[in-house]
1. Go from 0 up to the bin containing the longest alpha carbon distance in region 1-56, width 5 Å each, and give me the % of pairs per bin.
2. How far apart, in nm, are two points set 7 Å out from the Cα along the Cα-to-Cβ line at Lys49 and at Ala17?
3. Which order do the peptides 39-46, 20-27 take when ranked by the mean count of other beta-carbon atoms within 10 Å per residue, highest first?
4. In terms of solvent-accessible area of protein heavy atoms at a 1.4 angstrom probe, what is the ranking of Leu5, Leu36, highest value first?
Amino acid sequence: MTLLLKAAAAIDSQNEAGLTPLHIACHQNHAACGALLLGARAQADLADKSGQTADVHVCVYLQSPLKML
């Protein structure tokens, strides 16, 4: 993840479902990746195609809050 960020990877790119790297990190409970993405100014308020933002992925799919900052 750090190498991708240093290479100026598009941190807010969305896949066919509208998921960003931050959505996926939150959905899979990768707190360290989420923190790196947020530190690199990933947009936490981007919605996927179903209208869910990254914080919703944390709450709905994991049923527990993820403290990233």
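The values are calculated or read from the model by the stated rules, or taken from the named source; none is laboratory data. All of these numbers come straight from a predicted model, not from anything done at the bench. So basically every Cβ, Gly included, is an ideal-geometry build from the backbone, and we count neighbours across all protein chains shown. Each accessible area value is taken on the protein alone, full model and side chains, heavy atoms only, with ligands, DNA and RNA left out. Shrake-Rupley method; radii C 1.70, N 1.55, O 1.52, S 1.80 Å.
1. Bins of 5 Å from zero give 5, 22, 34, 25, 12, 2, 0 percent of pairs.
2. 1.0
3. Details: 39-46: 13.9, 20-27: 24.0.
Going from most to least packed, we get 20-27, 39-46.
4. Numbers: Leu5 45, Leu36 70 Å².
Greatest to least solvent exposure: Leu36, Leu5.
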